[in-house]
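Below is one structure; the comments refer to it alone.
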Amino acid sequence: MARTALVTGGNRGIGQQVARALALAGDGWDVLLAARDRHKGDAAAARLRKDTGGRLRAIELDVTSDASIATAAGKLRDGAIRIDALVNNAGVYGVARGPGGVALTIETNFFGPLRVTLGLLPLVADGATITNVTSGLGALDHLDAAHRQLLADPALTRDDLAAHMHEFVRTGGKGWGADPYGVSKAALNALTRLLARELAPRRIRVNATCPGWVRTDMGGRGAPRSVEAGAASVLFGVTATETGGVFRDGRRIAP
Ligand code: NAP
């Protein structure tokens, strides 16, 4: 039976390659290519349908907007869609220097996956996977000792974590020992662990996967890894049997 995957930020870069690989996989994926710009999403889906002959279609979804997520969820519900794999890939890097950049980084890279996961959760099938695309820059050893301890604390709750992220934005992204991008991904790794625990009763596995440093618009032309290699590392999460871990190339890089 065909299974459905939804990939955010699917119109270019690693997300597009994840969508392409799923469309080509022999095990029957229907791919929802989510993009914040409807035209870019439609163009990418048409391109990938032509390249792969697979079943892909675009859906408009801005991960920073509750309204956009609710609209997307409504359309999927009307189409009786169940999601078997959610890939929270959309992200931004290097915007933190501009005005509002700290907020944009945290809103997109941390609250984005949280918002999308909670907004689409009623449509996510029991036994599904959720993959949060993280970065090596989110490793705990990039943070100061106090925040390393905070994120690793087994007593940390999702509400605590969200409150700390709001506070980080309010204080202009200072005081954690790392830049906002690194903090956003470190917090995303912690969120992954918390969501894995919350969703275990529904057998939903939640993992974070790092693509490595990849030649995309974000990674730049000098990056050592191809988009295919980066996407393959991310795709591990789609079929992972583990839950709550951080992986690169199928190897656990954090608890
Ligand atoms: P990219 O080429 O810059 O593509 C980013 C994608 O995210 C685009 O599709 C973009 O859409 C989308 N996006 C950004 N903000 C969004 C929003 N508010 N709502 C919906 N979509 C949004 O980046 P990439 O290299 O493919 O990176 C993909 C993921 O891998 C990110 O989470 C990134 O942090 C992570 N990562 C990348 C590297 C690397 O070396 N490239 C390394 C580690 C981790 P638009 O086209 O509309 O802008």
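Scanning segment 124-139 for residues that are outside any strand (DSSP E or B) and open to solvent by less than 10 Å² (accessible area, probe 1.4 Å) returns Thr134, Gly138.
Within segment 3-37, the set of residues being of a type in the set (Lys, Arg) and either within 20 Å of Ser226 (Cβ to Cβ) or within 10 Å of the ligand (Cβ to nearest atom) (or both) comprises Arg12, Arg20, Arg36. Looking only at residues of segment 99-121 that are in contact (Cβ under 8 Å) with a residue 24 or more places away in the chain and among the small types (Gly, Ala, Ser), we find that the one that is surrounded by the fewest Cβ atoms within 10 Å (Cβ to Cβ) is Gly101.
If only residues of segment 102-124 that are out of contact with any helix residue (DSSP H, G or I) (no Cβ under 7 Å at 6 or more places or on another chain) and over 12 Å from Ala90 (Cα atoms) are counted, the one that is nearest to the ligand (Cβ to nearest atom) is Leu104. The single condition from (1) surrounded by 12 or more Cβ atoms within 10 Å (Cβ to Cβ); (2) at positive phi that Leu161 fails is (2). Of all positions in segment 154-177, none carries a residue that is hydroxyl-bearing (Ser, Thr, Tyr) and closer than 24 Å to Pro211 by Cα. No other residue among Ile106, Ile59 is of a type in the set (A, V, I, L, M, F, W, C), touching a His at 6+ places or on another chain (Cβ under 9 Å) and over 22 Å from Ser233 (Cα atoms) apart from Ile106.
Annotation: Ala187 fulfils all but one of (1) open to solvent by 20 Å² or more (accessible area, probe 1.4 Å); (2) within 16 Å of the ligand (Cβ to nearest atom); (3) more than 24 Å from Val227 (Cβ to Cβ); the unmet one is (1). Return yes or no: is Ala128 closer than 18 Å to Val87 by Cα and either modelled with pLDDT of 95 or more or within 13 Å of the ligand (Cβ to nearest atom) (or both)? The answer is yes for Ala128.
The set of residues from segment 70-93 being over 20 Å from Ala103 (Cβ atoms), open to solvent by 20 Å² or more (accessible area, probe 1.4 Å) and in contact (Cβ under 8 Å) with a residue 60 or more places away in the chain comprises Ile81, Arg82, Asp84, Asn89.
Residues in segment 62-101 that are assigned to a loop (DSSP other than H, G, I, E, B) and either closer than 28 Å to Thr241 by Cα or not aliphatic (A, V, I, L, M) (or both): how many?
17
Within segment 38-69, being more than 14 Å from the ligand (Cβ to nearest atom) and open to solvent by 20 Å² or more (accessible area, probe 1.4 Å) holds for Ala46, Arg49, Lys50, Asp51, Thr52, Gly53, Arg55, Arg57. Residues in segment 164-184 that are open to solvent by less than 10 Å² (accessible area, probe 1.4 Å) and closer than 30 Å to Glu242 by Cα: Met165, Gly182, Val183, Ser184.
Anything in segment 190-203 that is assigned to a helix (DSSP H, G or I) and either near the ligand (Cβ under 7 Å from one of its atoms) or farther than 20 Å from Asp141 by Cα (or both)? List them, or say none.
Once the filter is applied, which keeps residues that are assigned to a helix (DSSP H, G or I) and either near the ligand (Cβ under 7 Å from one of its atoms) or farther than 20 Å from Asp141 by Cα (or both), segment 190-203 yields Leu195, Ala196, Arg197, Glu198, Leu199, Ala200, Pro201, Arg202.
Summed over segment 1-58, the residues that are among the β-branched types (Val, Ile, Thr), under 14 Å from the mean Cα position of the chain (by Cα) and not in a strand (DSSP E or B) give a count of 3.
Condition (residue is modelled with pLDDT of 95 or more, open to solvent by 20 Å² or more (accessible area, probe 1.4 Å) and away from the ligand (no atom under 16 Å from the Cβ)) applied to segment 204-216: is it met by at least one residue? Explain how you work it out, then say what you get.
Pass one, segment 204-216, residues modelled with pLDDT of 95 or more: 204-216.
Still in the running and open to solvent by 20 Å² or more (accessible area, probe 1.4 Å): 205, 212-213, 215-216.
So of that shortlist, the ones also away from the ligand (no atom under 16 Å from the Cβ) come out as 205.
Within segment 204-216 (the criterion being modelled with pLDDT of 95 or more, open to solvent by 20 Å² or more (accessible area, probe 1.4 Å) and away from the ligand (no atom under 16 Å from the Cβ)), the answer is yes, since at least one residue qualifies.
The values are calculated or read from the model by the stated rules, or taken from the named source; none is laboratory data. Treat the numbers as computed from the prediction; the structure is a model and nothing was measured. Every residue, glycine among them, receives a Cβ derived from its backbone with ideal geometry; neighbour counts consider all protein chains shown. These accessible areas exclude ligands, DNA and RNA; they are computed on the full protein's heavy atoms, side chains included. Shrake-Rupley method; radii C 1.70, N 1.55, O 1.52, S 1.80 Å.
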